[in-house]
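Inspection log for the structure reproduced underneath, given as structure tokens.
Values in this text are rule-based calculations from the coordinates and carry no lab data. Keep in mind the model is a prediction, meaning the values are calculated, not measured. Cβ placement follows ideal geometry from the backbone for every residue including glycine, while neighbour counts extend to all protein chains displayed.
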Amino acid sequence: MLQSVPGKISLTSDCWSSITTDGYISLTAHYVDAGWSLQKRILNFSFMPPPHTGVAMAEKIYNLLKDWGIEKKVMSMTLDNASANDVFADCLKGNLDLMCDGAYFHVRCCCHILNLVVQDGLKEVDEAVCKVRETVKYCKGSQARKQRFLDCVAYVSLSSARGLRQDVPTRWNSTFLMLESAIFYRKAFVHLQKTDTNYVNCPTNDEWSRVEKLFKFLKVFYDVTCVFSGSKYPTSNLYFPNVLKVRLLLKDEMKSGDFFVRKIATRMWGKFEKYWSEFSPIMAITTIMDPRYKFQLVDFAYNRIYGSTSSFEVSCLKDKLFPLFDAYVASSTQSNGGQSISNLNSGGLNVVAGDGFMEEFDSFSGGEFTGIPKSELALYLEEPSVPRANNLDIIDCWRSCQLRFPVLSVMARDLLSIPISTVATRAGKR
């Protein structure tokens, strides 16, 4: 089945340890099928004996790829940021037949990076957050307290269906959800403070204000994580605008008037710069394949980030984009008997040699049509961008462009199948 996939296959892999400390490794394939539907298949969930080194994992995955017969169809491998995975990717890359010498093979899990960024910022917790945490613990501490809290909820005319969320300090998204539920029930907590003398951790108005600012700040990270974790739609074209959103947020909040928000934004910025000081070239290229953005979003973003040197950065990206397209043109030429799909020569024209009037026509028209025909990529970039609609089905958009852009649509199909997170791959079809 996988050998008949029309384009390239992108991969994700992850490692687990069971409660008995046995190691396991997974392999998941991501691709666009012949019907132009995004597919995800868990290929293997295999026992992984020690050592769990990068070299050993690369050997294991390569053997699995050979078993499936897809070692020559690989586009990319998305991994989290464990140190062994750098060695893993480098070793595996050397054994595969990759485009552009594997320059775009290793993709880092964006959700893992976001988690590292936020966790680093929340190492120093504000007193207001501590009060919210103690408040939730108190209300959930016994059945009697739960009932008193529910009575307060009813008294202030709030719905009890939402429920209080207790966080796990090592999981920042649970802290975000705790703050969200606490803000919703703020009036109930205020009333509980008036009716229960044992409840002593109700935040002050000033502390509630800080909680709301922190919640608003973290919501951007939470929403971006949810976008990156999607499995039913392409995510690679969403990397660039969302990483840009996080970058601009951190730059703004490092100048915040709120000391706590400013402090955690500064801490987060250090971790952000470690992993995303530069945009991933392959993800920037995939954004260009989004007809809503093309080069305009890249130009806008680079101008915001690099200022006077933005034109140089755009030029560097073009130096990567056009060779990648050329590699697809070369591949297309080989698969079509030495003749490019997009640049058929005149040998296919039914013209008899020696037709004088046609030769005269050639001379007549030569002045108007001299020069090298524009490539599909150049024509695509010259066309106006489509309206920026959130519900655009980008896979279907490129499916409908196959006749106009036969080679470029193949390149777009492969790029759009690259997952930017390993999170969503843990629940796929087999």
Length-normalised contact order of region 1-101 in % [C-alpha pairs under 8 Å, at least 6 apart]: 29
For region 205-334, diffusion coefficient by Stokes-Einstein and Kirkwood Rh (Cα), 10 °C, 1.306 mPa s, µm²/s: 95
Asn198/Ile42 FRET efficiency (R0 51 Å; Cβ-Cβ; nearest 0.05): 0.50
Inter-probe distance in nm under a simple model that places probes 7 Å from Cα toward Cβ, at Asp90 and Glu278: 1.7
Net charge dipole size for the chain [Lys, Arg +1 and Asp, Glu -1 on Cβ; Debye, nearest 20]: 2440
In sequence order, calculated HN-Hα J values of region 160-174 (Karplus, 6.51, -1.76, 1.60; Hz; x Gly/Pro): 8, 5, 5, x, 7, 10, 9, 9, 10, x, 7, 10, 4, 5, 6
Gain on full stretching of the segment that runs from Gln296 to His52 - 0.36 nm per residue minus C-alpha separation: 83.5 nm
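How about region 119-226: which GluC sites (Glu not before Pro) there are in a DSSP loop, with at most 16 other Cβ atoms within 10 Å of their Cβ? Mind dumping the intermediate values first?
Working: sites: Glu124, Glu127, Glu134, Glu180, Glu207, Glu212; in loops: Glu124.
Qualifying residues, ordered by number: Glu124.
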Potential extension, Thr266-Ile19 segment - 0.36 nm per residue separation minus Cα distance: 85.2 nm
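What ranking of Lys140, Lys60, Lys123 emerges when the number of other C-beta atoms within 10 Å of each C-beta is taken as an exposure proxy, fewest first?
Values: Lys140 15, Lys60 21, Lys123 8.
Ranking Lys140, Lys60, Lys123 by Cβ neighbours within 10 Å, fewest first, gives Lys123, Lys140, Lys60.
Quick one: of the DSSP bridges fully inside the chain, what percent are antiparallel, nearest 5?
Here the antiparallel bridges make up roughly 70 percent for the chain.
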Spin-label pair Ala161/Leu248, simplified geometry with 7 Å Cα→Cβ offset, distance in nm: 3.6
Simple Cβ-charge dipole of region 121-221, Lys/Arg +1 and Asp/Glu -1, about Cα centre, in debye nearest 20: 280
With Cα atoms, 0 to 90° folded angle of helix 110-121 axis to the chain main axis: 30
Rounded tilt (10° steps) of 143-155 against the dominant C-alpha axis of the chain: 80
FRET efficiency for Cys130 and Lys320, using Cβ-Cβ distance with R0 set to 30 Å, rounded to 0.05: 0.05
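What is the local net charge at Asp80, summed over the other residues whose Cβ is closer than 9 Å to its Cβ (Lys, Arg +1; Asp, Glu -1)? Let's see the in-between values first.
Details: positive: Arg108; negative: Asp14.
With Lys, Arg at +1 and Asp, Glu at -1, the neighbours total 0.
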Residue-by-residue Karplus 3J(HN,Hα) for region 306-321, coefficients 6.51, -1.76, 1.60, Hz, glycine and proline x: 9, x, 5, 9, 5, 5, 5, 5, 5, 4, 5, 5, 4, 5, 9, 5
Simple spin-label estimate for Arg404 and Leu2 in nanometres, 7 Å along Cα-Cβ: 3.5
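To one decimal place, what orientation-averaged projected area in nm² is obtained for the convex hull of the Cα set of region 121-221? Before the final figure, lay out each step's value.
On the way: hull surface 25.0 nm².
Directional mean of the projected Cα hull area for region 121-221 stands at 6.3 nm².
Provide the three semi-axes, in whole Å and in decreasing order, of the ellipsoid equivalent to the chain as defined by the square roots of 5 times the Cα gyration tensor eigenvalues.
Values: eigenvalues 524, 144, 74 Å².
Sorted largest first and rounded, they come to 51, 27, 19 Å.
Please identify the trypsin sites (Lys or Arg not before Pro) of region 183-268 that satisfy two criteria: DSSP loop assignment and at most 13 other Cβ atoms within 10 Å. Which are they?
Details: sites: Arg186, Lys187, Lys194, Arg210, Lys213, Lys216, Lys219, Lys232, Lys245, Arg247, Lys251, Lys255, Arg262, Lys263, Arg267; in loops: Lys232, Lys255.
Of the trypsin sites (Lys or Arg not before Pro), the ones in loops of region 183-268 whose Cβ has at most 13 other Cβ atoms within 10 Å are Lys232, Lys255.
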